[in-house]
Amino acid sequence: MELLVATAIGILTAGGIYLVLRLRTFPVILGVSLLTYAVNVFLFASGRLTIGASPILIDGVETYTDPLPQALVLTAIVISFGMTAVVVMIALGAYLGSNDDHVDDPDDAALAAEDAK
Amino acid sequence: MNHWIIVPIILPAILAPFIVLAARHHIGIQRAFSVAGVLALIAISTGLAWQAADGTITLYQTGDWAAPFGIVLVGDRLSTMMVLLTSVLALFVLLYAIGSKWDERGRHFHALFQFQLMGILGAFLTGDLFNLFVFFEVLLIASYGLMIHSGGDQRLRAGVQYVLYNLLGSTLFLFALGSIYAETGTLNMADLAVRVAEVGPEATVGIRVAAVLLLMVFAIKAALAPLHFWLPSSYSEAPGPVAALFAIMTKVGAYAIIRVYTMIFHPELEVTMGLHDTWLLPAALVSLVIGMVGVLAAKHLDRLVAFSVIGSMGMVMVAISLMSEAGIAAALYYIIHSTLAAAALFLIVDLVKTGRAGLTLVAAPPVSGAALTAGLFFVAAIAMAGLPPLSGFIGKLLILEASFSTDMAVWVWAIILSSSLIAVVGFARAGSVVFWKGQSVEYEEDAVLPDAPSTLAYAAVGGLVAMLIAHTIFAGHMHDYMQVMAEQLFAPVDYISTVVETPGKMSTTKEGH
């Protein structure tokens, strides 16, 4: 199971990083989402992977799963979900406004044109 | 346990929704509540700073849960000083936003402003790393709204970059927190300091990775080279008062580095030995150079100021990376100076913008109210470039003095001194082109002169400059206080024992494991 989880995190991260390095906003946002999935699984695994164990330490139980990472992941999911929504809206606004969805800086000529307006 | 220490977080958190829900259509009421809130914040944070001044460490256990189980807020000298600095800065920025009518140019300025303050103040006060992440997100999401306040295509594009970069930073932060938790089983800073010290020499891989990841996250926030690329566009495209408030945000990164790398991964810790002198110091020197060369190379006044922020953060990080009491004291002195100077400069840029077509550095007819604006720019530029007699010069002297006995002294001295010269030339060129050469350019016949900025706007900038001058005059007192603050940071035993040993709910189970 460790191998499976680790591979999943690795593939998600690699795909995410590749997409984040693209030039247009859509793949970049997808890449950020992939990275947040990867980090959510990673956080989940940070309390060690156990199957079928009780979630809270009670008397007479030897192994138990750590409940804290699950709480952390919940927070992280909510935050990353909200943030992705925000960046989609801002990127959409920028794209519709300037008819261009590159993520890099516009060149000086474009800036000068903006100044002249 | 008194509750004052949580008020700087609760107060803006209540004010912001109130402003959105009840005062949405009344800009006057929004302004009144916003200003009243910030004034109350200043009063409270002065009280907190007073309380912490004698070395007392105030602990607040939310829900009365004992330290590693519940979230704690901790007020020591450093965090209360940063809280006070933030609220004072917020007052002047808010007055400027009202005076220049920036808050009317879009919706919900005051609500977002309060949320932003909540995030920043929370980040300074929290004693828990995951809670620090949450407050980072609060301040970031408010800053996204503020940055694109009143819209515009350029601003939205810069906003996309800013948001994406910070989303990546947040993801990295989570990776760092995950690996720290996996290695130590705690995220409370004081508890971490205890457990990291117990990590055996054979099992340090995870903790070293975590320490470096965390440093990278804070370096992104602090705009340290090579992670500074988000800053120039976003700060120069942001509305003037927002950019001025953002002057404190880079310092949140610097604060987090000071806190984590003096307490948890302190310089004597074998696991992370050399992190600050091998990696942090060269990066800081590089960003100092990039910032100051950027000041000289900038073609727009707003980008010039943004690069000067990178340069001054480089200066702060040079002092921090010395990781000595003198170095941290100098860094803290410089942090206050650089926050005030950068905020004043961003506001002055906005003053210039109101009376001039664009901020390109070419001679153009004089700006409205040029004489006063030019005077303020002159003072703020002297401070930022670090010329005598203002606090930038004193701060730089302190950093030079602190680095004198280290191995890297030659590099530090050479780079600080030459980059200062470059900055002086850059600021002098910009100032003379914008304010001086402009005098010889004739107005066009049918040119309509824009109104001069309002008195309140000037008063706000004047207030920041006055704070800078006060920071210079009382430099002795300030530095003495920074010195004891640094001593407290390098002897975190009090902090740790206060956090870990104060009883609360659940604290009895500690004896069990």
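Angle of helix B:409-431 to the longest C-alpha principal axis of chain B, folded into 0 to 90 degrees and rounded to 10: 30°.
Across region B:4-506 the C-alpha pair distances fall into 20 Å bins from zero in the proportions 24, 58, 16, 1 percent. Normalised Debye scattering of region B:1-81 at q = 0.20, 0.21, 0.25, 0.27 Å⁻¹ gives log10 I(q)/I(0) of -0.89, -0.93, -1.11, -1.20, counting only Cα atoms as equal scatterers and leaving out solvent.
Quick one: longest stretch of chain B between exposed loop GluC sites (Glu not before Pro), exposed meaning at most 13 other C-beta atoms within 10 Å and loop per DSSP? Intermediate values should be presented prior to the final figure.
Numbers: sites that count: B:GLU268, B:GLU270, B:GLU442, B:GLU444, B:GLU445.
My reading of the result: B:1-267 is the longest stretch.
Beta-bridge orientation, chain B: approximately 90 percent antiparallel, per DSSP, counting only bridges with both partners inside. The calculated 222 nm mean residue ellipticity attributable to helices in the protein assembly as shown amounts to -23500 deg cm²/dmol, summing -39500 (n - 2.57) over DSSP H runs of n ≥ 4 and dividing by all residues.
What do you get for chymotrypsin sites (Phe, Trp or Tyr not before Pro) in region B:371-475 restricted to DSSP loop and a cutoff of at most 14 other Cβ within 10 Å of the site's Cβ?
Sites meeting the loop and neighbour criteria: B:PHE404, B:TYR443, B:PHE474.
Taking every Cα-Cα distance in region B:1-155 and sorting them into 5 Å bins from zero, the calculated P(r) comes out as 2, 10, 18, 21, 19, 13, 9, 5, 2, 1, 0 percent. Spin-label model, B:ALA53/A:ASN99: points 7 Å from Cα along the beta carbon direction are separated by 6.2 nm.
FRET efficiency for B:VAL433 and A:LEU92, Cβ-Cβ distance as r, R0 = 35 Å, nearest 0.05? Walk me through the intermediate numbers first.
Working: r = 38 Å, r/R0 = 1.09.
Once rounded, the FRET efficiency stands at 0.35.
Shown here for region B:1-85: trypsin sites (Lys or Arg not before Pro) in loop regions (DSSP other than H, G, I, E, B) with at most 13 other Cβ atoms within 10 Å, namely B:ARG24.
Remark: the B:GLU401-B:TRP413 segment gains 3.4 nm on full extension, using 0.36 nm per residue and subtracting the alpha carbon distance. Residues A:ASP59, B:ASP451, B:ASP153 in ascending order of nearby Cβ atoms (within 10 Å, fewest first): A:ASP59, B:ASP451, B:ASP153. Here the simple spin-label model places points 7 Å from the Cα toward Cβ, and for B:ILE6 and B:THR204 these points are separated by 3.9 nm. Multiplying the residue separation of A:ILE77 and A:VAL5 by 0.36 nm and removing their Cα-Cα distance gives an extension gain of 24.1 nm.
If every alpha-carbon in the protein assembly as shown counts as one equal scatterer, what log10 I(q)/I(0) does Debye give at q = 0.10, 0.11, 0.12 1/Å? Taken in order of the listed q values, log10 I(q)/I(0) reads -0.89, -1.09, -1.31. Taking 30 Å as the limit for the C-alpha separation, the pairs B:LYS299/B:LYS396; B:LYS251/B:LYS437; B:LYS221/B:LYS437; B:LYS251/B:LYS353; B:LYS221/B:LYS396 exceed it in the case of B:LYS251/B:LYS437; B:LYS221/B:LYS437. Between B:ARG105 and A:GLU62, the FRET efficiency estimated from the beta carbon spacing at R0 = 60 angstrom works out to 0.45. Axis of helix B:27-52 versus longest Cα principal axis of chain B: the two differ by about 40°, to the nearest ten degrees. Taken along the Cα-to-beta-carbon direction at a fixed 7 Å, the label points for B:LYS299 and B:SER454 span 3.5 nm. Here the relative contact order of chain B, from alpha carbon pairs under 8 Å that lie six or more residues apart, stands at 17 percent.
Going by alpha carbons, how many degrees (0 to 90, nearest 10) lie between the helix axis of A:25-45 and the longest principal axis of chain A? Rounded to the nearest ten degrees, it is 20.
Laboratory data are not the source of any read-out in this text; all were calculated from the coordinates shown. Since we're looking at a predicted model, the values are computed, not measured. Using ideal geometry, Cβ is built from the backbone for each residue, glycine included, and neighbour counts are taken over all protein chains shown.
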